[in-house]
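The next block holds one structure in the form of structure tokens; read it before the comments.
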Amino acid sequence: MDEYSYGIIIYKKDVEYEYLVLLRSEGWLDFPKGHIEKNEDEFDAAIRETFEETNIMIDKNDIEAFFSYTMNYSFNKGDEIINKHTKMFLAEYNNNEIKISKEHVSYEWLNYHQLLRRLRYINQKDMVYYAEKYLTRRDAINEINVEYMKLPDMIKTWRLSRNFVPGEGNYNAEIVFVGQAPGKTEDEMKRPFVGRSGRILNSMLSMININRESVYITSVVQFYPEKNRVPDKSEIDACFPYLKRQLDVISPKIIVILGRIAAQSLLGINDIKNNHGTIINKRYFITYHPAAALRSKAVLGKMENDFIKLKNEINRIKNQ
């Protein structure tokens with residue numbers, strides 16, 4: 001029998017990150033979570049359970065959009081084997097007064113190293129490791145972005161938009177997608193791949209059963225070139241160090257290169273036609289930019305085949 005629970009990892013930061021844990025009467029530490037009820041989605045269940053167990057009311061918009069962690073384990077309940085699936089989200093403490101439920105004895109704020117010593121179960125330790133890594137990487141990416149968005153003020157001959165379009169996604173992503181530059185819609189919304197090209201990318205991800213929320217998406221140049229012109233060499237050279245730093249922080253297993261500009265910048269390859277659908281240096285996967293697929297059904301078909309190959313590469317890496 002399968003059971004499903006949802007909860008929220010609540011964190012705060014002064015000098016370092018600390019996480020809210022609840023002490024159960026049995027003597028072990030836990031996080032606010034519980035079973036889903038009728039007519040609830042997973043977020044509703046996580047928010048309700050967190051409130052019932054801690055008095056902390058989290059707004060859905062304050063939950064980290066690209067974080068989730070699922071713990072799967074089994075236990076015996078009488079003669080029945082229960083397969084438990086617990087999905088946890090992440091949110092910052094909002095200073096609500098903490099009032100624990102009757103299920104728990106007390107609560108504590110513990111940092112990562114304290115949790116590793118105190119938590120009983122390995123899957124809880126793995127989850128906290130994942131959360132700590134996510135938050136640390138998020139901080140590092142934010143520091144890069146603060147520097148990056150000042151670039152227009154540093155270059156007198158600046159010809160790109162002054163709107164910075166940050167990368168977005170899971171900071172623990174094993175797969176990063178790198179495009180050319182934001183388009184007009186991206187420039188307006190300040191999000192990557194949300195226009196027509198983004199819809200193509202989303203459909204490709206859906207085709208191979210990958211959630212967009214699980215990957216990280218960015219571009220070689222993160223400022224819109226007016227009229228969708230190709231960024232020139234000086235613009236690419238100015239922006240590329242920031243891309244390199246992003247990739248170093250996230251450290252993905254696969255970097256999916258979308259189009260010629262990304263291929264040239266990262267690998268020195270200008271020929272997409274003869275290199276698409278291939279893995280280079282065991283890490284870089286080359287395919288067409290979704291904008292090219294918008295212009296040509298033939299390219300769209302090639303890109304679909306590339307993503308099937310990409311799925312095979314992902315499975316190969318997971319099985320290593």
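The values are calculated or read from the model by the stated rules, or taken from the named source; none is laboratory data. The structure presented is a predicted model; accordingly, all values stated were derived computationally and were not measured. Backbone-built Cβ (ideal geometry, glycine too); neighbour counts: all protein chains shown. SASA here: full protein model, heavy atoms, side chains in, ligands and nucleic acids out. Shrake-Rupley method; radii C 1.70, N 1.55, O 1.52, S 1.80 Å.
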*So which DSSP H runs in the chain come out at 24 Å plus along the axis (Cα) with average Kyte-Doolittle of at least -1.0?*
122-148, 233-250, 297-318
*Given a 1.4 Å probe and the protein chains all in place, what does the accessible area of Asp59 round to, in Å² to the nearest 10?*
80 Å²
*Looking at the stretch 1-71, which trypsin sites (Lys or Arg not before Pro) are in a loop (DSSP not H, G, I, E or B) and have at most 15 other Cβ atoms within 10 Å?*
Lys38
*In whole Å, largest first, what are the principal axis extents of the Cα atoms in the stretch 72-229?*
69, 37, 26
*With the radius of gyration and the Kirkwood radius both derived from the Cα set of the stretch 189-249, what is their ratio Rg to Rh?*
1.01
*Sequence-distant or interchain residues sharing an amide H contact under 5 Å with Phe31, placed H: which?*
Leu22
_Using a 7 Å offset from the Cα along the Cα-to-Cβ direction at both Ile308 and Lys273, what is the distance between the two label points in nm, to one decimal?_
2.3 nm
*Fraction of alpha-carbon pairs over 28 Å apart in the chain - percent*: 48 percent
*For the stretch 21-145, what value does the Rg/Rh ratio take when both radii are computed over Cα atoms and Rh is the Kirkwood radius, given to two decimals?*
0.97
*How much accessible surface does Asp153 have with a 1.4 Å probe, in Å² rounded to 10?*
120 Å²
*Across the stretch 206-308, how large is the tail of the calculated P(r) beyond 15 Å, expressed as a percent of all Cα pairs?*
66 percent
*How many nm is it between the label spots at Glu3 and Ile81, if each spot is 7 Å from the Cα in line with the beta carbon?*
1.6 nm
_Per-pair calculated FRET efficiency, R0 = 30 Å: Glu213 and Arg162 via Cβ, rounded to 0.05_ = 0.55
_Accessible area, probe 1.4 Å, largest first, for residues Met127, Met57_ = Met57, Met127
